[in-house]
Amino acid sequence: MPPQTIDEILTELDQIIHRARDERDRLGFFATLYRNVTIKVKEGIAAGLFEDGPRMEKLDVTFANRYLTALGSFRRGEPLSKCWLASFRIAANWSPIILQHLLTGTNAHVNFDLGIAAQAVAPGSELASLEHDFNQINEILSSMIIKVRSGIEEVSPWIKLLDRFASQTEDRLINFSLGKARASAWLVANMINLTPADRLARELNILDEGVAKLGSLIGSPKERLISLGLHVIRIRESNDVPHVIDVLSQM
């Protein structure tokens, strides 16, 4: 049975992270970020940050289970969404920097999963009342990415080159996961709400393909200057996967 509570989600994430540390698997990078986000959501519910705490836990669990299901399917060699496949596949590549691993996962989870999860938790006329809490969970995820971006110099000492070698690089690698992704995910939730059942699978497939293409571009940018700058940053990044996971977990 899939996890039914946030605590059960955290237990699943702990197991994923433990396995990633043992196997030196970069799939543990996003799992660690996501564990941090989940803890913040749990704390936010306890602090009354959300308008409807029990519904937010249901949304958080529904949302997280989409990631856990996708990762399980990937590890078993079973079919899964194209956007998650694009994200998971880069874990086997040496060249993406830590930030790219985090952003490809965020891309799939926010731009594809979040709208689906939101509509499942608040279908029909209930959806409008979810918007505030929906935005709050986005803010938590976004703030975590910004914190990581500014705090991983221990394992990525040249990460600040993102600010220097191309003024638009940071926007292209990060901003999609902030306001733009939040707006996009809310549109997805409303699209699902309004799409007849017989057309929904087709619409979601189109969405999946688009999010997968964006994920591929984040993981392997086509622009030469950006690719060169990322390669320079990657040369100085730590290859000690367990240590990177430990650093991320402390954020």
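Of note:
- Which numbered condition TRP186 fails, given (1) open to solvent by 20 Å² or more (accessible area, probe 1.4 Å); (2) at pLDDT 90 or above; (3) more than 24 Å from LEU68 (Cα to Cα): (3)
- Hey, THR104 touching a Pro at 6+ places or on another chain (Cβ under 9 Å), of a type in the set (Ser, Thr, Tyr) and within 30 Å of ILE233 (Cβ to Cβ) or not: yes
- Near pairs, Cβ below 9 angstrom, 6+ apart or cross-chain, from segment 1-14 (of a type in the set (S, T, N, Q)) to any residue that is part of a loop (DSSP other than H, G, I, E, B) and at pLDDT 95 or above: THR11/PRO3
Residues are listed down the side, and each one gets a yes or a no for (1) open to solvent by less than 70 Å² (accessible area, probe 1.4 Å); (2) among the charged types (D, E, K, R); (3) over 21 Å from GLN4 (Cα atoms); (4) touching a His at 6+ places or on another chain (Cβ under 6 Å):
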| position | (1), (2), (3), (4) |
| --- | --- |
| THR62 | yes, no, no, no |
| LEU68 | yes, no, no, no |
| SER73 | yes, no, no, no |
| CYS83 | yes, no, yes, no |
| ALA92 | no, no, yes, no |
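- Selection count where residues are touching a residue at least 60 places away in the same chain (Cβ under 8 Å), open to solvent by less than 60 Å² (accessible area, probe 1.4 Å) and part of a helix (DSSP H, G or I), scope segment 44-60: 5
The values are calculated or read from the model by the stated rules, or taken from the named source; none is laboratory data. Source: prediction; values computed, not measured. As a convention, Cβ positions derive from the backbone with ideal geometry for all residues, glycine included, and neighbour counts pool all protein chains shown. Surface accessibility is based on the protein's heavy atoms, side chains included, excluding ligands, DNA and RNA. Shrake-Rupley method; radii C 1.70, N 1.55, O 1.52, S 1.80 Å.
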